[in-house]
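S.K.: I am attaching a structure below and will ask some questions about it afterwards.
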Amino acid sequence: MAKKQAITRRRALLGLSALAGMGMFCTKAGGFKHINNQFLAIAFQQRNFSVRGNAPLRSRAAAKGLIYGAAASYSKLSSDREFAQKFAQECAIVVPEAELKWDALRPSPSRFDFTKADWIAKFARSHRMLFRGHVLVWHEALPKWFATAVNKQNAERMLVEHIRTVAGHYAGKIHSWDVVNEAVLPEDGRSDGLRNSPWLQFLGPNYIDLAFRVAAEADPHALLVYNDFGLDYQYEEPRRVAVLKLLERLKSGGSPVQALGIQAHLWGDKNGTLNLKVLRKFLRDVASMNLKILITELDVTDKNLPLDVSVRDRLVAATYEDYLDTVLQEPAVIAVLTWGLSDRYTWLNWSNSRQRLDRWPARSLPLDNDFKRKSAWNAIARAFDAAPKRPST
Ligand code: XIL
């Protein structure tokens, strides 16, 4: 630990000399003023992201008892052979980016359409990959008909029917389900920190427990996950507190929740507010409830980073490495999934709040636009190589 702190300090000091020459660069590239100085300093010295050998991420993770994979969509996996081939090469688990959400599965209140999700499940099987489910209960991606068809009277029946049908359809074939996604939003002002979502308005806070119980019945083999965002940075303490409170409430009521999914949509300019001690403590608190932890949607938004590709790539890579070095210290962390594999298909290019203002494509994922491994890939590989080995189960 002391050694690690010393290295971090040395990195920062080394970088200070580079800061001196940055004035001109700052004005040209813009956006620098948002970036924490110490972090910039780290990026500007030649941080070395070299890795040993060519082994793909899935085998580097597996060597440590970890699972690595990514989100992907039916349209890309089924139409882009090169992408599909790279995906199978790097990933040991796939999660459909959209195909298991309500609006994708349910064209009408009475119909379920599993065609695309089934295709991904088959793709996973034929490439010896695990298949992960996202998501059974969420306030987003609801079909248009939801607003008029679902109400206080029928919400419980609709929720139960949905979970029984979907989790039942994949029973025994799924590694883990995001049973409930993003149920916490302290800004909504409730004392329990829960989001004032349609589900909460119809059913009260117990909809979460209900969802876990029905999922456990429908698929006793899948690992049941509560998944949320905004748990990483120091200023996100109210979100961590609310999530811990929720998990404690669920566990003490006997709810079959088995893991926390940490989305980890990180920002390349926010490393200054990543307090690694606070993060580790949070992970330990979660683990102490006998819960596993999955990093479920990892990526690094480069919206506020300079346009220069080599600078951007280094900052993104450093963000991956620092984050993973920390979270992988916690033995309860069993899996890491990035939200996409290649920059070509990242959602960040069409996200209103996360796309670059200059509209240049994001460089946020392990593979670049041409499916070549870049510094972000190296950083993840290095973090897996350095991770302590999980006890075999
Ligand atoms: C995103 C998809 O990647 C986009 O393609 C879609 O337009 C919106 O949803 N948290 C989640 C994911 O749990 O389901 C979201 O996925 C990203 C944020």
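S.K.: Can you tell me the 0 to 90 degree angle between the C-alpha axis of helix 237-252 and the longest principal axis of the chain, rounded to 10?
M.R.: The answer is roughly 40 degrees.
S.K.: Given a 10 angstrom Cα cut-off, can you work out which residue in Tyr226, Tyr68, Tyr345 is the most mobile in a GNM of the chain?
M.R.: Tyr345
S.K.: May I pose another question? Please list, or write none, the aspartates and glutamates whose alpha carbon is within less than 20 Å of the alpha carbon of Lys389, excluding same-chain residues fewer than 8 places away.
M.R.: Glu90, Glu321, Asp322, Asp325, Glu330
S.K.: What's the angle, to the nearest 10 degrees (0 to 90), between helix 375-386's Cα axis and the longest principal axis of the chain?
M.R.: 80
S.K.: Then there's this: Mind ranking His139, His265, His169 by accessible surface for me, highest first, 1.4 Å probe?
M.R.: On the way: His139 40, His265 20, His169 70 Å².
Descending accessible area places them as His169, His139, His265.
S.K.: Let me ask another. What pairs from Lys281/Lys303; Lys152/Lys245; Lys86/Lys303; Lys86/Lys122; Lys144/Lys245; Lys64/Lys292 go past 22 Å between their alpha carbons? All intermediate terms of the calculation are to be shown ahead of the outcome.
M.R.: Details: Lys281/Lys303 29 Å; Lys152/Lys245 26 Å; Lys86/Lys303 26 Å; Lys86/Lys122 17 Å; Lys144/Lys245 32 Å; Lys64/Lys292 16 Å.
Going by Cα-Cα distance, Lys281/Lys303; Lys152/Lys245; Lys86/Lys303; Lys144/Lys245 fall outside the 22 Å limit.
S.K.: So how strong a dipole does the chain carry about its Cα centre when Lys and Arg Cβ are +1 and Asp and Glu Cβ are -1, to the nearest 20 debye? Working shown, then result.
M.R.: Values: 56 positive and 40 negative charges, 221 e Å.
Roughly 1060 debye, rounded to the nearest 20.
S.K.: Hey, what's the chain come to in accessible area per residue, 1.4 Å probe, Å²?
M.R.: Details: 16970 Å² over 393 residues.
Result: 43 Å² per residue.
S.K.: Continuing with the same structure: Where does the chain land at 222 nm, in deg cm²/dmol rounded to the nearest 500, when only DSSP H runs of n ≥ 4 count, each adding -39500 (n - 2.57), divided by all residues? Please list the in-between numbers first.
M.R.: On the way: 16 runs with 168 residues, N = 393.
The per-residue figure over the chain is -13000 deg cm²/dmol.
S.K.: By how many degrees, between 0 and 90 and to the nearest 10, does the Cα long axis of helix 276-287 differ from the longest principal axis of the chain?
M.R.: 30
S.K.: Let me check against my output: what whole-number percent is the relative contact order of the chain, with C-alpha pairs under 8 Å and at least 6 apart? Don't skip to the end; give the middle numbers.
M.R.: On the way: 706 pairs, mean separation 68.3, N = 393.
Normalised by residue count, the contact order of the chain is 17 percent.
S.K.: To make sure I understand the rule: partners must be aspartates and glutamates, Cα under 13 Å from the Cα of Lys76, and not fewer than 8 residues away in the same chain. Which ones qualify?
M.R.: Partners within reach: Glu97, Glu99, Asp343.
S.K.: Continuing with the same structure: Tell me the relative contact order for the range 312-393 as a rounded percent, counting alpha carbon contacts under 8 Å between residues six or more apart.
M.R.: Working: 96 pairs, mean separation 33.0, N = 82.
Relative contact order comes out at 40 percent.
S.K.: Give, as ranges by residue number, the residues of the range 185-199 whose backbone N falls under 18 Å from the point 7 Å along Cα→Cβ of Ser252.
M.R.: 191-194
S.K.: Using the charge dipole of the chain (Lys, Arg: +1 at Cβ; Asp, Glu: -1 at Cβ; taken about the Cα centre), state which of Trp145, Ser108, Leu266 has its Cα farthest towards the positive end.
M.R.: Positive-most Cα among the choices belongs to Leu266.
S.K.: Tell me, what is the 1.4 Å probe accessible area of Phe371, in Å² to the nearest 10?
M.R.: 10
S.K.: For the chain, which whole-number percentage of the solvent-accessible area (1.4 Å probe, protein heavy atoms only) is attributable to carbon and sulfur atoms?
M.R.: The C+S portion of the solvent-accessible surface of the chain is 53 percent.
S.K.: Can you check what the net charge comes to around Ser75, using other residues whose Cβ is under 10 Å from the Cβ of Ser75 (Lys, Arg +1; Asp, Glu -1)?
M.R.: Values: positive: Lys76, Lys116; negative: Asp80, Glu97, Glu99.
Overall, the nearby charge balance is -1.
S.K.: Only sites in a loop by DSSP and with at most 10 other Cβ atoms within 10 Å count here; which trypsin sites (Lys or Arg not before Pro) in the range 275-362 make the cut? Don't skip to the answer; put the middle values down first.
M.R.: Values: sites: Lys277, Arg280, Lys281, Arg284, Lys292, Lys303, Arg312, Arg314, Arg344, Arg354, Arg356, Arg359; in loops: Lys303, Arg354, Arg356, Arg359.
The qualifying sites are Arg359.
S.K.: How far is it, in nm, from the label point at Ala155 to the one at Ser392 when both lie 7 Å from their Cα along the line to the Cβ?
M.R.: 4.8
The values are calculated or read from the model by the stated rules, or taken from the named source; none is laboratory data. Keep in mind it's a predicted model, so treat the numbers as computed, not measured. All Cβ positions, glycine included, derive from the backbone under ideal geometry; neighbour counts span all protein chains shown. Just so you know, the surface numbers come from the protein's heavy atoms only, side chains and all, with ligands and any DNA or RNA stripped out. Shrake-Rupley method; radii C 1.70, N 1.55, O 1.52, S 1.80 Å.
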